[in-house]
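Heads up: the structure comes next, in structure tokens.
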Amino acid sequence: MAKKYFITTPIYYVNSVPHIGTALTTLAADVTARYQKMRGREVFFLTGTDENGTKVKEAAEKAGKDPMAFVDEISAKFREIWPGLYIEFDDFIRTTEPRHFATVQEFFRILQSKGHIYSGTYEGWYDVGSETFFKETDLVDGKSPDGNEVRWVKEDNYFFRMSAFADQLLAHIEANPKFILPESRKNEVVSFIKQGLRDVCISRTNPGWGIPVPGDESQVVYVWFDALINYVAATGWPKPGWEAYWPAEVEWMGKDILTRFHATLWPAMLMGVGLPLPETLVGHSWLLMGGEKISKSKGNVVAPLDLAKELAERSGCSDAVAIDAVRYYMAAILPIETDAVFTNDEFDRKYNNDLANDLGNALNRSLAMSHKFVGGAIPDAAVEAQAVEAVALAKSRYEAAMADFRVNDAADAALGVVRFLNKYIDTRAPWALAKAGDPALPSVMRSMLTCLRAAEGLIRPIMPKTADEVASQLGLPALTDWDRIGDESSLPAGVALLQPKPIFPRLDLTKKDEPKKMEPTKTQTPTPKPALTPDEPAIEISIEEFAKVKLKVGRVLEAEPVEGSDKLVKLQVVIGSDRRQIVAGIRKNYTAEDLIGRQVIVCVNLKPAKLRGVESQGMLLAAIDTDGGAILLQPEREAPEGAGVR
Ligand code: MSP
């Protein structure tokens with residue numbers, strides 16, 4: 001059987017349900033899995049729950065529940081929540097399952113028979129929060145280095161001779177530059193080992209909860225020793241067939257559980273038993289909120305599905321797209337070396353900038369212009385060199401990022417092709433080519449669609465449902481084969497494109513800020529009086545009179561400054577099947593780049609007028625800013641081209 005590409009997440013303590021911090025690790029693993037599948041690998045993606053610790057037992061007691069009933073309930077929540085975030089795991093292991101018990105006991109027996117386990121007395125501190133033993137000298141102000149309460153324990157236990165593996169571990173790290181990523185964290189691990197590895201206490205007095213030590217029911221296996229073995233238990237080891245899974249290609253985790261556990265204890269255990277080590281361990285950084293790690297115990301949790309639900313409500317995007325937007329946010333900010341900070345504002349900003357403005361606009365503009373200029377079908381023409389290069393560059397940047405598990409850089413590479421596409425549209429200006437009857441038009445349109453098709457493939461591991469939506473608007477089946485990204489065959493000429501359907505309606509961020517309004521203080525500058533205030537006397541008109549004003553939705557195709565004026569911009573605006581030249585005094589507030597592709601509200605039955613000698617065949621509607629500047633009115637979400645406005 002061909003070796004599967006084996007990806008693991010840590011198994012989660014079942015004392016609470018997932019939050020955006022824990023979801024980060026699982027999302028990173030899911031993006032890796034989806035990317036590898038697109039590259040043709042057969043993937044085995046494992047996640048699960050860690051259920052045997054003191055922490056879990058005490059959480060059950062606190063909840064007044066039987067531990068088994070408690071872990072069944074919370075573990076089921078993890079299993080349900082992950083698919084809700086489109087996490088596609090292949091196996092879900094629980095450490096209370098018989099298959100896990102059997103493997104842990106077998107592991108213990110082998111290490112014992114090889115002389116790596118001995119009996120002794122443990123005396124020291126124990127941190128239930130992180131299920132870690134600490135020496136007096138490790139404590140900071142009487143607490144664990146993570147700030148958790150510690151308790152003193154003195155017990156007769158079993159010890160694992162980890163000190164014996166220090167040299168072998170250092171040699172392995174040295175010989176395998178990608179064993180621990182990122183590089184900075186590898187250096188931390190190396191100095192931790194060089195400070196001297198201590199033997200590890202690997203059992204606790206049996207509290208009636210946990211995996212009994214084989215041959216000694218008075219003890220249970222220490223929860224970290226037990227939990228780490230889950231990765232091998234899921235392969236079926238020691239039963240035949242495990243070699244098709246083990247070793248894992250990548251084990252994803254947060255930095256807090258890398259040095260002491262995954263990069264020292266775990267490889268030493270594997271060396272002791274005689275199993276190969278995982279190829280790569282990735283220890284990403286944390287997501288912080290209010291200056292602290294997001295965690296249940298700190299009470300600062302954000303549930304990813306709630307975030308998605310709220311986004312769908314506020315923006316009007318579909319539930320599926322909202323979930324993808326949360327996935328995109330987590331991938332794009334995935335902290336590698338340094339911690340990242342979660343704020344609602346940053347989440348909204350990324351949604352509006354990267355998804356609504358960049359991706360959403362690129363899709364709408366490309367499709368709308370294809371309908372306008374090349375009959376709504378994929379043209380049969382050569383792709384321009386700059387588009388070919390942009391796609392190749394984004395793809396190779398993405399691959400290089402994923403080779404080092406830098407999911408954040410991969411997300412940026414995917415958006416790179418979208419940003420290129422928007423600039424390409426602005427500079428190649430298909431509307432101008434159409435007007436001039438330039439023969440390059442079909443090539444330019446095909447180049448745009450090529451970028452869009454590539455973007456669909458590149459975003460797929462991160463935003464699978466959005467990628468499906470882009471493919472469907474292109475009238476094409478999903479692009480799921482990585483090698484075909486950028487390939488001519490992925491964009492068959494003649495296929496009919498759908499009318500653009502906006503995926504990411506913009507969030508109105510001014511609304512959200514309202515509750516934050518502060519009382520003005522004496523030192524604040526008074527707000528300047530608007531140029532036109534609502535209380536200025538207005539002449540009453542009848543509905544019939546108002547109906548005489550014909551307002552329509554248009555889209556700006558071209559924008560250029562009017563020579564000799566620092567206020568005026570000349571625009572070419574399509575209004576359904578009509579096209580108008582409009583001169584507007586908005587240059588102070590908008591650049592050509594801001595305007596091209598934007599939907600605007602146009603008064604279409606205003607008598608044409610000449611401004612600075614240039615004819616204007618309509619007027620754009622705008623709100624007047626406090627300084628007299630223009631704030632263009634725009635439909636709250638994409639409106640049908642040429643739609644009437646009342
Ligand atoms: N049960 C152990 C893992 C055993 S693996 C053999 C455990 N569980 S945990 O539920 O506490 O944490 C699981 C993972 O979530 C860890 O990788 C941890 O780093 C990650 N995170 C928890 N909160 C996080 C943030 N706020 N930010 C980033 N990662 C976070 O440890």
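The values are calculated or read from the model by the stated rules, or taken from the named source; none is laboratory data. The structure displayed is predicted, hence computed values, not measured ones. Glycine also receives a Cβ, built like all others from the backbone with ideal geometry; neighbour counts cover every protein chain displayed. The area values use the complete protein model at the heavy-atom level, side chains included, leaving out ligands, DNA and RNA. Shrake-Rupley method; radii C 1.70, N 1.55, O 1.52, S 1.80 Å.
Quick rundown of the values:
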read-out: For LEU393: the one exception among (1) more than 13 Å from TYR328 (Cβ to Cβ); (2) touching a residue at least 40 places away in the same chain (Cβ under 8 Å); (3) of a type outside the set (Gly, Ala, Ser); value: (2)
read-out: For ALA166: the one exception among (1) open to solvent by 20 Å² or more (accessible area, probe 1.4 Å); (2) away from the ligand (no atom under 16 Å from the Cβ); (3) farther than 18 Å from ARG109 by Cβ; value: (1)
read-out: Qualifying strands (runs of 3 or more DSSP E) (wholly inside the stretch 1-109; at least 3 residues being within 14 Å of the ligand (Cβ to nearest atom) and open to solvent by less than 10 Å² (accessible area, probe 1.4 Å)); value: 43-50
read-out: Neighbours by Cβ (under 9 Å, 6+ apart or cross-chain): first from the stretch 615-630, outside the structural domain of ILE586 (by TED's automatic domain parsing); second open to solvent by 40 Å² or more (accessible area, probe 1.4 Å) and not in a strand (DSSP E or B); value: none
read-out: Near pairs, Cβ below 8 angstrom, 6+ apart or cross-chain, from the stretch 292-314 (of a type in the set (Gly, Ala, Ser)) to any residue that is assigned to a helix (DSSP H, G or I) and more than 10 Å from the ligand (Cβ to nearest atom); value: ALA308/ASP319; ALA308/ALA322; ALA308/ILE323; ALA308/ALA325; ALA308/VAL326; ALA312/ASP319; ALA312/VAL321; ALA312/ALA322
read-out: Odd one out for TRP237 among (1) out of contact with any Ser or Thr (no Cβ under 8 Å at 6 or more places or on another chain); (2) more than 15 Å from the ligand (Cβ to nearest atom); value: (1)
read-out: Residue in the stretch 192-221 that is least open to solvent (accessible area, probe 1.4 Å), counting only those that are closer than 21 Å to ALA166 by Cα and assigned to a loop (DSSP other than H, G, I, E, B); value: ILE202
read-out: Residues located in the stretch 147-163, provided they are out of contact with any strand residue (DSSP E or B) (no Cβ under 6 Å at 6 or more places or on another chain) and surrounded by 15 or more Cβ atoms within 10 Å (Cβ to Cβ); value: ARG161
read-out: Qualifying residue in the stretch 227-244 (condition: open to solvent by 10 Å² or more (accessible area, probe 1.4 Å), farther than 30 Å from GLY147 by Cα, charged (D, E, K, R) and touching a residue at least 24 places away in the same chain (Cβ under 8 Å)); value: yes
read-out: Any hit, the stretch 577-586, residues being within 39 Å of the chain's Cα centre (by Cα) and surrounded by 12 or more Cβ atoms within 10 Å (Cβ to Cβ); value: yes
read-out: Contacts under 7 angstrom Cβ, first residue in the stretch 13-30 being in the same structural domain as PRO461 (by TED's automatic domain parsing) and of a type outside the set (A, V, I, L, M), partner near the ligand (Cβ under 7 Å from one of its atoms) and not in a strand (DSSP E or B), 6 or more apart; value: none
